[in-house]
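One structure, as structure tokens, below. Some questions next.
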There are 2 protein chains.
Amino acid sequence: MTSEELLVSAAVKSWKTVVGRLDGIVSGADESKMEKQVAPGGNRVRYLIGHLTAVHDRMLPLLGLGDRLHPELDEAYLDNPDRTHPDPVTSADLKAFWAEINGKLTPAFEGLTPAEWLKPHTAVSEEDFAKDPSRNRLSVLLSRTNHNSTHLGQLVIAAKSQA
Amino acid sequence: MTSEELLVSAAVKSWKTVVGRLDGIVSGADESKMEKQVAPGGNRVRYLIGHLTAVHDRMLPLLGLGDRLHPELDEAYLDNPDRTHPDPVTSADLKAFWAEINGKLTPAFEGLTPAEWLKPHTAVSEEDFAKDPSRNRLSVLLSRTNHNSTHLGQLVIAAKSQA
């Protein structure tokens with residue numbers, strides 16, 4: 001591997017590590033765990049899984065990797081607070097969407113070259129990117145990986161708590 | 001900036017973003033917040049701040065950037081669960097240590113070249129690094145940044161909750 005490839009592969013590996021930990025939470029969440037809140041009055045496990053799934057879904061167009069697969073999650077899990085809208089899908093469907101979207105994202109990440117990682121994401125204009133080349137795909141990957149870790153920390157608390 | 005420098009700067013920027021959010025939590029934690037638990041029976045805010053401070057302190061030798069500054073935090077905040085040992089320092093000292101250690105780490109990170117980021121961290125042998133060049137300094141930076149984010153997610157819950 002070249003130096004550039006080693007640098008990029010560290011970021012992709014970090015993404016895979018965090019998504020792998022979330023996979024464990026998602027697969028271990030039965031119906032009762034899905035309804036648990038991460039804190040009294042806080043977000044349900046189901047909401048956080050839906051939220052992360054919707055955020056991942058939006059990464060497909062944001063990184064120029066394809067169209068969205070499940071925009072039907074946004075109203076309940078992205079654009080509004082928890083418990084203000086009916087859950088749009090069953091637990092089984094939500095878990096399947098999570099796996100489906102990551103099954104597109106992660107292999108696509110593994111196929112991008114360092115030069116492609118340094119291209120702008122699709123939400124930045126050419127002019128703005130020329131002024132600030134840090135608004136590239138890699139910065140989105142790192143930002144979303146840390147977003148995942150933030151909610152992973154909360155899901156771990158819910159997974160540990162009794163009943 | 002070269003491509004390699006752009007790739008590395010994205011990782012350092014991600015570190016700075018997460019540490020900046022933690023700075024807000026640390027500076028906003030008065031004595032009563034310090035004693036709050038992130039979940040019933042869970043870690044106190046003080047323990048998590050001590051834990052992250054000790055982990056950052058260990059990054060100095062791990063990344064070959066200098067000797068440890070505050071190993072006195074390890075027993076209470078790194079090697080043992082919360083509330084099994086007396087708090088070794090006051091809140092004011094803990095907050096000062098957090099700022100002091102990050103004040104060494106972050107400028108050092110900003111000064112490392114891409115080639116230096118790809119060198120092994122000090123806990124891996126030459127033989128093992130030859131077999132797996134992903135065990136480099138950059139992988140430590142990404143891993144610790146996500147570790148920070150995981151606990152940030154928990155600290156945010158404690159910061160939000162009343163009383």
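Every number in this text was worked out from the coordinates using simple rules, so none of it is lab data. The structure displayed is predicted, hence computed values, not measured ones. No Cβ is skipped: glycine too gets one built from the backbone with ideal geometry, and neighbour counts run over all protein chains shown.
Between copies, how close do the B:Gly64 label points come, placed 7 Å along Cα→Cβ, listed in nm from shortest?
3.6
Of A:Val26, A:Val18, A:Val124, which has the largest mean-square fluctuation in a 10 Å C-alpha GNM of chain A?
A:Val124
With springs only between Cα atoms under 10 Å apart, run a GNM on chain A and tell me which of A:Val38, A:Val89, A:Val19 wobbles the most.
Comparing A:Val38, A:Val89, A:Val19 in the GNM, the peak value goes to A:Val89.
Something else about it: For segment B:1-57, max minus min Cα coordinate along each principal axis, in Å, sorted largest first?
48, 20, 18
Pick from B:Ala96, B:Ala54, B:Ala11: which is most flexible by mean-square fluctuation in a GNM of chain B where alpha carbon atoms under 10 Å apart are linked?
Maximum among the listed residues: B:Ala96.
Ok, one more. Can you give the charge dipole size of segment A:98-137 about its Cα centre, rounded to the nearest 20 debye, using +1 on the beta carbon of Lys and Arg and -1 on the beta carbon of Asp and Glu?
Numbers: 5 positive and 7 negative charges, 14 e Å.
Dipole size: approximately 60 debye.
³J(HN,Hα) across segment A:153-159 via Karplus (A = 6.51, B = -1.76, C = 1.60, θ = phi - 60°), whole Hz, x for Gly/Pro?
x, 6, 5, 4, 4, 5, 5
Oh, and also: With the contact rule set at Cα under 8 Å and sequence spacing of 6 or more, what percent relative contact order holds for segment B:1-156? Write out the running numbers ahead of the final one.
On the way: 140 pairs, mean separation 45.6, N = 156.
This gives 29 percent for segment B:1-156.
Please list, ordered by chain and number, the residues whose modelled amide H lies under 5 Å from the amide H of B:Arg83; skip anything fewer than 5 residues away on the same chain.
It is none; the list stays empty.
Okay, moving on. What's the center-to-center distance, using Cα atoms, between segment A:1-62 and segment B:131-163 in Å?
About 14 Å separates the Cα centre of segment A:1-62 from the one of segment B:131-163.
Computed FRET efficiency, Cβ-Cβ of A:Asp132 and B:Asp23, R0 22 Å: what is it to the nearest 0.05?
My answer for the efficiency is 0.45.
Quick check on segment B:36-108: take the gyration tensor over C-alpha atoms, sort the square-rooted eigenvalues as a ≥ b ≥ c, and tell me if it's rounded (a/c under 1.5), prolate or oblate.
On the way: a/c = 2.12, a/b = 1.90, b/c = 1.12.
Cα axes put segment B:36-108 in the prolate bin.
Between copies, how far does the label point of A:Gly24 sit from its twins, in nm, shortest first, when each point is 7 Å from Cα along Cα→Cβ?
Sorted ascending, the copy-to-copy spacings read 2.9 nm.
Checking the a/c ratio against 1.5 first, then a/b against b/c, what shape does the Cα gyration tensor give for segment A:79-144? Each step should come with its number before you reach the end.
On the way: a/c = 4.01, a/b = 1.71, b/c = 2.35.
Taking the square roots of the gyration eigenvalues as a ≥ b ≥ c, segment A:79-144 is oblate.
Report, in deg cm²/dmol and to the nearest 500, the calculated mean residue ellipticity at 222 nm for chain A, where each DSSP H run with n ≥ 4 adds -39500 (n - 2.57) and the sum is divided by the residue count.
Values: 8 runs with 107 residues, N = 163.
Result for chain A: -21000 deg cm²/dmol, rounded to the nearest 500.
Once amide H atoms are placed 1.01 Å from N in the peptide plane, what residues at a sequence separation of 5 or more from A:Gly64, or on another chain, have their amide H within under 5 Å of its amide H?
A:Thr122
7 Å along Cα→Cβ for the label point: how many nanometres lie between B:Glu127 and each equivalent label in the other copies, listed shortest first?
So the label point of B:Glu127 gives 6.0 nm to the other copies.
So, one more: How would you classify segment A:111-162 from its alpha-carbon gyration tensor, with a ≥ b ≥ c the square roots of the eigenvalues: rounded for a/c under 1.5, else prolate if a/b is greater than b/c, otherwise oblate?
Numbers: a/c = 5.00, a/b = 2.74, b/c = 1.82.
Since a/c reaches 1.5 and a/b is larger than b/c, the shape of segment A:111-162 is classed as prolate.
How large is ³J(HN,Hα) for each residue in segment A:19-31, as worked out from phi by the Karplus curve 6.51 cos²θ - 1.76 cosθ + 1.60 (θ = phi - 60°), to whole Hz, x for Gly and Pro?
These are the phi-based 3J(HN,Hα) values: 5, x, 5, 5, 3, x, 5, 5, 5, x, 8, 7, 4 Hz.
List the equivalent ellipsoid semi-axes of segment A:26-163 in whole Å, largest first, each obtained as the square root of 5λ for an eigenvalue λ of the Cα gyration tensor.
30, 15, 14
Here is a follow-up. Mind listing the phi-derived Karplus ³J(HN,Hα) values for segment A:119-125, rounded to whole Hz, using 6.51, -1.76 and 1.60 with θ = phi - 60°, and x for any glycine or proline?
Calculated HN-Hα couplings, in order: 6, x, 6, 7, 9, 10, 6 Hz.
Right, next: When Rg is the radius of gyration of the Cα atoms in the protein assembly as shown and Rh is its Kirkwood radius, what does Rg/Rh come to? Walk me through the numbers on the way to the answer.
Values: Rg = 20.2 Å, Rh = 20.9 Å.
Checking Rg against Rh, the ratio lands at 0.97.
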